[in-house]
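The values are calculated or read from the model by the stated rules, or taken from the named source; none is laboratory data. Because the structure is a prediction, the values reported are computed rather than measured. Cβ atoms come from the backbone with ideal geometry, glycine included; neighbour counts cover every protein chain shown.
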Amino acid sequence: MSVLTLKYRIKDSTSSKHLSKMAGAIHCVWNYCNAVSLLAFRREKTFLSAYDLHKLTAGTSKDWRLSADTIQQVCTAYVTRRKQLKKVKLKWCSKKRALGWIPFKAAYIKLQGNTVTYCGHRLRLWMSRPVDGVVKTGAFVQDARGRWYVAFQCDVADAVEPVGHLDLGLDLGLQHQITCSDGVQYTRENLTKTHEDA
């Protein structure tokens, strides 16, 4: 199995309002993780783990109007980013400073035709291509122009090599255009000689 990422533009102008509100809630969760982690470090000189942040944010999904899994993913992303940068405190998230990002797992969305439903919001998509494979995770993402997209990460089966076929060699020769190792020859008329001036 391999992973394929598919990205689709979201149609509705009204959808951007809902998504922007959720992205604002994501910023608040991120900022909370930042504040409480900094406080814990100043008091005890220890960093909070993703598990610690999951416990601290448990039961807040209704207040933020996000799925509990999304909140956990934000907490995990915060800890991962802090470890990568090796910093005690990260930058605060705000609408001006950060683009919208709302992660989800497949269990928390419903994909039907050209629509995806998340947290009670039904969003229409520009389906530029069908969804291949099985959707595992994804995220709603915003670009610098304020447009919203949804990206799905799908598990797809690896391409299988044909069974029962022998390797075939090709000889690009002068007398015949192609001579295959199984003896088949392909030729065509010499277009230069056919169309040259007499």
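Any idea which of Val150, Val135, Val116, Val141 is surrounded by 13 or more Cβ atoms within 10 Å (Cβ to Cβ) and either touching a helix residue (DSSP H, G or I) at 6+ places or on another chain (Cβ under 8 Å) or more than 27 Å from Asp63 (Cβ to Cβ) (or both)?
Values: Val150 fails: either touching a helix residue (DSSP H, G or I) at 6+ places or on another chain (Cβ under 8 Å) or more than 27 Å from Asp63 (Cβ to Cβ) (or both); Val116 fails: either touching a helix residue (DSSP H, G or I) at 6+ places or on another chain (Cβ under 8 Å) or more than 27 Å from Asp63 (Cβ to Cβ) (or both); Val141 fails: either touching a helix residue (DSSP H, G or I) at 6+ places or on another chain (Cβ under 8 Å) or more than 27 Å from Asp63 (Cβ to Cβ) (or both).
Of Val150, Val135, Val116, Val141, the one residue that is surrounded by 13 or more Cβ atoms within 10 Å (Cβ to Cβ) and either touching a helix residue (DSSP H, G or I) at 6+ places or on another chain (Cβ under 8 Å) or more than 27 Å from Asp63 (Cβ to Cβ) (or both) is Val135.
Can you tell me which residues in the range 115-134 are of a type in the set (S, T, N, Q) and modelled with pLDDT under 90?
Step one: of the range 115-134, the residues of a type in the set (S, T, N, Q) are 115, 117, 128.
Matches in the range 115-134: Ser128 only.
Taking into account only those residues within the range 46-60 that are hydroxyl-bearing (Ser, Thr, Tyr) and either part of a loop (DSSP other than H, G, I, E, B) or modelled with pLDDT under 90 (or both), which is surrounded by the most Cβ atoms within 10 Å (Cβ to Cβ)? Explain how you work it out, then say what you get.
Of the residues in the range 46-60, the ones hydroxyl-bearing (Ser, Thr, Tyr) are 46, 49, 51, 57, 60.
Within this subset, residues satisfying the condition of being either part of a loop (DSSP other than H, G, I, E, B) or modelled with pLDDT under 90 (or both) are 46, 49, 60.
Details: Thr46: 10, Ser49: 13, Thr60: 15.
Only one residue fits best here, namely Thr60.
Anything in the range 1-41 that is part of a helix (DSSP H, G or I), among the β-branched types (Val, Ile, Thr) and at pLDDT below 90? List them, or say none. Outline the logic, then answer.
Step one: list which residues in the range 1-41 are part of a helix (DSSP H, G or I), which gives 13-41.
Remaining after also requiring among the β-branched types (Val, Ile, Thr): 14, 26, 29, 36.
Within the range 1-41, Thr14 is the sole residue that qualifies.
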